[in-house]
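The values are calculated or read from the model by the stated rules, or taken from the named source; none is laboratory data. Keep in mind that this is a model prediction, so the values were computed, not measured. Here the Cβ positions follow ideal geometry from the backbone for every residue, glycine too, while neighbour counts run over all protein chains shown. In case anyone asks, the SASA skips ligands and DNA or RNA and just uses the protein heavy atoms, side chains included. Shrake-Rupley method; radii C 1.70, N 1.55, O 1.52, S 1.80 Å.
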Amino acid sequence: MKLALSFVACVLMIFSATAQQLPDTAFEYPIRQSAYQPGRGPLVMIDEAHNNFHTKNGGFRAFSNLLTKDGYNVKGLSKPILSEDVLRGCKILVIANALDSSNTDNWILPTPSAFSGQEIRVIEQWVKAGGHLLLIADHMPFAGAATDLGKALGFGFLNGFAFTGVPKWPPSVFYRKDKTLEPSPAVLGLLDYEKIDSVATFTGSAFSIPYGATGVLRFGDNDRSLQPDTAWKFSENTPAQPLKGYYQGAIANYGKGKVALFGEAAMFTAQLVNGTFRVGINSETAPQNGQFVLNLIHWLDGITKYNGNKNAH
């Protein structure tokens with residue numbers, strides 16, 4: 001196991017040392033049938049008030065474009081969530097890779113919460129009253145920054161770098177055939193062509209799920225999370241946490257609302273690393289990620305049938 005961990009650590013360090021991540025602005029995922037007529041869908045807000053690594057027109061541009069094409073109204077949210085009035089009219093709140101200001105240029109422990117206690121209380125109560133939250137917290141330090149919010153909703157983040165047992169990167173691929181991709185509305189979809197057989201992720205975090213939640217991306221018995229004190233710096237002595245019983249994706253009903261929690265962000269968007277390397281729904285290793293994203297949003301939205309345009313390529 002030590003050799004496998006060392007191999008993965010070296011690959012991660014090489015990738016990190018040279019990586020430049022930019023949105024893949026040329027990529028467009030084809031939608032066979034949109035959920036809504038253009039602009040007729042609910043409001044989706046993407047958090048931009050917490051030093052987010054991914055924003056509507058930044059790293060999550062492909063995600064925003066995909067939902068807009070599906071008929072949703074997508075807006076950035078630049079205000080702290082200090083009252084439910086900030087979320088007035090919002091059907092789905094998306095929070096991706098928030099950070100405390102102390103970690104924006106310093107990815108080292110400690111990694112304080114990106115959210116104040118008041119914000120956590122507001123978000124938790126908003127979901128319980130009927131709000132719909134997609135919370136995404138990538139590898140350390142992002143998982144640490146989301147730990148308190150996740151805990152308020154019943155989830156327990158590991159603030160590390162989760163990887164599958166096969167010593168290669170990227171990606172990690174979860175399959176229905178080996179039951180690491182578990183049955184859920186995000187996997188089964190509404191129509192036959194929406195059924196998902198595999199989902200790829202690109203280095204993220206792991207978390208435990210509460211009783212009653214539905215696991216989506218399940219780690220295997222041989223999977224591990226490296227737990228460094230500084231992001232992207234590993235050695236043979238870096239602690240490794242076994243991931244049996246942990247997940248990288250899950251969904252849950254919460255009061256009158258819904259929560260979808262994921263430990264990896266690139267899987268939801270499209271990026272170019274070092275100019276040519278495709279990471280996310282544009283990757284040849286992730287042919288079904290785009291449909292998976294749509295299925296997940298449709299579950300959060302509560303859609304049972306589509307009202308949009310057919311042949312919406």
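General observations
- Residue list for the range 68-109, filter: free of Cβ contacts under 8 Å to residues at least 40 places away in the same chain, open to solvent by less than 50 Å² (accessible area, probe 1.4 Å) and in a loop (DSSP other than H, G, I, E, B): Ser83
- Qualifying positions in the range 61-75 - within 13 Å of Gly280 (Cβ to Cβ) and in contact with a helix residue (DSSP H, G or I) (Cβ under 6 Å, 6 or more places away or on another chain): Phe63
- Taking the criterion of being assigned to a loop (DSSP other than H, G, I, E, B) and of a type in the set (Ser, Thr, Tyr), the residues of the range 228-240 that qualify are Ser235, Thr238.
- Condition broken by Gly280, with the remaining ones in (1) on the phi < 0 side of the Ramachandran plot; (2) buried (at least 20 other Cβ atoms within 10 Å of the Cβ) satisfied: (1)
Here's the yes/no breakdown for (1) among the aromatic types (Phe, Trp, Tyr); (2) closer than 24 Å to Leu149 by Cβ:
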residue	(1), (2)
Thr25	no, no
Tyr36	yes, no
Gly41	no, no
His50	no, yes
Thr55	no, yes
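- Of all the listed residues (Ala213, Ala286, Ala250, Ala260), the sole one being out of contact with any Asp or Glu (no Cβ under 8 Å at 6 or more places or on another chain), hydrophobic (A, V, I, L, M, F, W, C) and open to solvent by 10 Å² or more (accessible area, probe 1.4 Å) is Ala213.
- Note on the range 126-137: residues that are out of contact with any helix residue (DSSP H, G or I) (no Cβ under 7 Å at 6 or more places or on another chain) and open to solvent by 10 Å² or more (accessible area, probe 1.4 Å) total 3.
- Reported count of residues in the range 114-148, each being in contact (Cβ under 8 Å) with a residue 40 or more places away in the chain and over 21 Å from Pro228 (Cβ atoms), is 14.
- The set of residues in the range 198-216 being farther than 10 Å from Ala162 by Cβ and at pLDDT 95 or above consists of Ser198, Val199, Ala200, Ser208, Ile209, Pro210, Tyr211, Gly212, Ala213, Thr214, Gly215, Val216.
- Filter result (open to solvent by less than 80 Å² (accessible area, probe 1.4 Å), out of contact with any His (no Cβ under 9 Å at 6 or more places or on another chain) and of a type outside the set (Val, Ile, Thr)) within the range 176-193: Asp178, Leu181, Glu182, Ser184, Leu188, Leu191, Tyr193
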